[in-house]
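The values are calculated or read from the model by the stated rules, or taken from the named source; none is laboratory data. Remember, predicted model here, so these are calculated numbers, not experimental data. Note that we place each Cβ from the backbone using ideal geometry, even for glycine, and neighbour counts take in every protein chain shown.
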Amino acid sequence: MAKEFWIGDVQAGDHDGVEVELMGWIKRTRGSNKIRFIVLRDSTGTIQCVVKKDAVGEEAFEEIKNSLIEASVILKGIVNVDERAPGGHELVVSSAEVVGAVRPETPFPITQSAMQAADGGETEFLLDNRHLYLRTSRMTTMLKIRSSVFGAIHSYFRDLKFTEYHAPNFVAGAVEGGSTLFEVPYFGKKVYLTQSWQLYAEAAMPALERLYTIAPSFRAEKSRTRRHLTEFWHAEMEVAWAGNSDIMEHGEALVRNIAKTVLEEREDDLKSIDRDLDLIARYADSPYPRIRYDEAVETLQGLGVDIEWGQDLDYSKEKILTQDFDVPHFLTHYPKIAKPFYHRVDPEDDKYVLCHDLLAPEGYGEIVGGGERTWSEQEILARIDEEGVPREPYQFYIDTRTYGGVPHGGFGLGVDRVVSWLSGADHIREVIPFPRDSRRVTP
RNA sequence: GCCGAUUUAGCUUAGCUGGUGGAGCGUGGGACUGUUAAUCCCAAGGUCGAGGGUUCGAGCCCCUCAAUCGGCGCCA
């Protein structure tokens, strides 16, 4: 039964003139009472298969003729090079077997009309039928690009001898803020779904020194935007003996490595969804400029934007700031009052913290957030008290400093956001198979 | 949480100043020996999101509710 031949290889010319057995699903079917053209799909591509009544016999021909879109079939025949076939190759079928039929009462619901509507964003119908929409070429392409992005992240860190390290998803307290936590009943107690791997990573930092993860994070934000999910994939890293600038160098190198990998592995996929490859090449090759928060505020004020020093930069302001950028930019040195206690205060000016955000161009916004941690015991206690946060839940975090604290830092990267940006998706939902947002958890 | 919009056949939609709903795709039947989103003919398929109101009469006007979509705040 094992599948031996793949449509992508056939279209690449690997089996010209020889007999192959193709296993796949019917993408489209047309023809007459004596000849049928089946466009067969598998995970590697599509190919036209010519089924003639004379060649396969009456019974098999009728079965193929009556087969609907997405029926699974096994077609055996000779690979023919023919200009008339899309892709330049076709299968001249000698025997045909329907494996899983599709009944006429329940035809495949993702029709041309449903797909046309998807160009301008996803419809409710396609979201309801996400499990079937996954089979379409657009979703398949997105999932392949996504896979390459995940692979690039693992490669980047492993090549640099980082250790992959895992934190629990059930947590007792908040990493930041309290309102965006998902509450979960836990044997009569309440626990929460994690928002970040960071605090647990800092505990392991003195053991592993260079560590990373790719894991889901959960945020109970009622955000209704093209950049938000309630469950998203978070690539995070933590490094000992490192400052803000060192961490930024990793962030920049990682994102450039992702762009480069996607370009190498998914060129055809990107072309198939009309992505401009020159843009990706620029993201892979160019340095990412660094701008201080103060400069950004001055720039915005110069543009007549109503903003005061100390305010966090919301998306509307980010967008104005990034509209002239043609590569990602770092924003650094935010005011202390705009950031949580674990960001280290700048020793050169205590109004600021040593942190950074990486903003993607083309309106995709923040893809990385990170910085240097408050690493001395004295400083962390002062910052916790200053912000009025109770010490008790953070005792394990404070202990990291009590026993041989060292300068360290890290960042978190929104993997889905990066996939969305690099693929040029209209919405972050397009790049994850079963998106979760504040209003949808099904299918 | 706030603002805006949408809801007509399985899907995508048209619908004139209110006068008993049209189409394309899909499905079924028929024709066709090479099609390219095949084409051509025929058919079935709608309590117009739910409830109330105005009116002789509501898909269309008014009110309430619901679902969905888009944007903002928040963030990756």
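Could you tell me whether residue A:141 is more than 15 Å from RNA strand B (Cβ to nearest atom) and under 28 Å from residue A:48 (Cβ atoms)? Considered against the rule, which asks whether it is more than 15 Å from RNA strand B (Cβ to nearest atom) and under 28 Å from residue A:48 (Cβ atoms), residue A:141 comes out as yes.
Considering (1) under 20 Å from residue A:340 (Cβ atoms); (2) free of Cβ contacts under 8 Å to residues at least 12 places away in the same chain, the lone condition that residue A:207 does not fulfil carries the number (1).
Could you say whether any residue in the range A:65-78 is without any contact (Cβ under 8 Å) to a residue 40 or more places away in the chain and more than 28 Å from residue A:144 (Cβ to Cβ)? Within the range A:65-78 (the criterion being without any contact (Cβ under 8 Å) to a residue 40 or more places away in the chain and more than 28 Å from residue A:144 (Cβ to Cβ)), the answer is yes, since at least one residue qualifies.
Step by step: first the residues of the range A:202-226, then only those that are in a loop (DSSP other than H, G, I, E, B) and among the hydroxyl-bearing types (Ser, Thr, Tyr), then the one that is farthest from residue A:437 (Cα to Cα). Which residue is that?
Residues of the range A:202-226 that are in a loop (DSSP other than H, G, I, E, B), as a first pass: A:209, A:219-226.
Then drop every residue that is not among the hydroxyl-bearing types (Ser, Thr, Tyr), which leaves A:223, A:225.
On the way: A:223: 8, A:225: 10 Å.
For the range A:202-226, the residue satisfying everything is A:225.
Of the residues A:216, A:206, which single one is assigned by TED's automatic domain parsing to the domain that holds residue A:154, closer than 18 Å to residue A:411 by Cα, within 15 Å of RNA strand B (Cβ to nearest atom) and surrounded by fewer than 18 Cβ atoms within 10 Å (Cβ to Cβ)? Write out each step before concluding.
Values: A:206 fails: within 15 Å of RNA strand B (Cβ to nearest atom).
So the residue among A:216, A:206 that is assigned by TED's automatic domain parsing to the domain that holds residue A:154, closer than 18 Å to residue A:411 by Cα, within 15 Å of RNA strand B (Cβ to nearest atom) and surrounded by fewer than 18 Cβ atoms within 10 Å (Cβ to Cβ) is A:216.
Taking the range A:227-281 as the range and being assigned to a helix (DSSP H, G or I), touching a residue at least 12 places away in the same chain (Cβ under 8 Å) and of a type in the set (Lys, Arg) as the test, the residues that pass are A:256, A:260. Restricting the range A:91-138 to residues that are within 30 Å of residue A:59 (Cα to Cα) and small (Gly, Ala, Ser), which is nearest to RNA strand B (Cβ to nearest atom)? For the range A:91-138, the residue satisfying everything is A:101. Looking only at residues of the range A:18-40 that are in contact with an Asp or Glu (Cβ under 9 Å, 6 or more places away or on another chain) and over 13 Å from residue A:90 (Cβ atoms), we find that the one that is nearest to RNA strand B (Cβ to nearest atom) is A:34. Taking the range A:97-127 only, how many residues are exposed (fewer than 11 other Cβ atoms within 10 Å of the Cβ), of a type in the set (Gly, Ala, Ser) and modelled with pLDDT of 85 or more? Total satisfying the criteria: 1.
Would you be able to say whether some residue in the range A:141-158 is over 18 Å from the mean Cα position of the chain (by Cα), more than 27 Å from residue A:7 (Cα to Cα) and assigned by TED's automatic domain parsing to the domain that holds residue A:259? Yes, the range A:141-158 contains a residue that is over 18 Å from the mean Cα position of the chain (by Cα), more than 27 Å from residue A:7 (Cα to Cα) and assigned by TED's automatic domain parsing to the domain that holds residue A:259.
Filter the range A:185-233 for residues that are over 17 Å from residue A:167 (Cα atoms), over 18 Å from the mean Cα position of the chain (by Cα) and aliphatic (A, V, I, L, M) and give the result. Answer for the range A:185-233, where residues must be over 17 Å from residue A:167 (Cα atoms), over 18 Å from the mean Cα position of the chain (by Cα) and aliphatic (A, V, I, L, M): just A:220. Residue A:161 meets all of the listed conditions (1) more than 9 Å from RNA strand B (Cβ to nearest atom); (2) in contact with a helix residue (DSSP H, G or I) (Cβ under 9 Å, 6 or more places away or on another chain); (3) of a type in the set (Lys, Arg) but one, namely (2).
State all residues of the range A:18-35 that are in a strand (DSSP E or B) and not acidic (Asp, Glu); if no residue qualifies, say none.
Taking the range A:18-35 and keeping what is in a strand (DSSP E or B), we get A:19-31, A:35.
If the condition is that a residue be in a strand (DSSP E or B) and not acidic (Asp, Glu), then A:20, A:22, A:23, A:24, A:25, A:26, A:27, A:28, A:29, A:30, A:31, A:35 are the ones that fit.
Scan the range A:185-196 for residues that are within 21 Å of residue A:233 (Cα to Cα) and either surrounded by fewer than 20 Cβ atoms within 10 Å (Cβ to Cβ) or without any contact (Cβ under 8 Å) to a residue 60 or more places away in the chain (or both) and jot them down.
Within the range A:185-196, the first condition is being within 21 Å of residue A:233 (Cα to Cα), and the residues that meet it are A:191-196.
A:191, A:192, A:193, A:194, A:195 - these are the residues of the range A:185-196 that are within 21 Å of residue A:233 (Cα to Cα) and either surrounded by fewer than 20 Cβ atoms within 10 Å (Cβ to Cβ) or without any contact (Cβ under 8 Å) to a residue 60 or more places away in the chain (or both).
In the range A:311-332, the residues that are without any contact (Cβ under 8 Å) to a residue 24 or more places away in the chain never reach a residue that is of a type in the set (S, T, N, Q) with C-beta atoms less than 7 angstrom apart, at least six apart or across chains.
Yes or no, residue by residue, for (1) surrounded by fewer than 16 Cβ atoms within 10 Å (Cβ to Cβ); (2) among the acidic types (Asp, Glu); (3) under 23 Å from residue A:131 (Cα atoms):
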site: A:13; (1), (2), (3): yes, no, no
site: A:21; (1), (2), (3): yes, yes, no
site: A:55; (1), (2), (3): no, no, no
site: A:58; (1), (2), (3): yes, yes, no
site: A:70; (1), (2), (3): no, yes, yes
site: A:76; (1), (2), (3): no, no, no
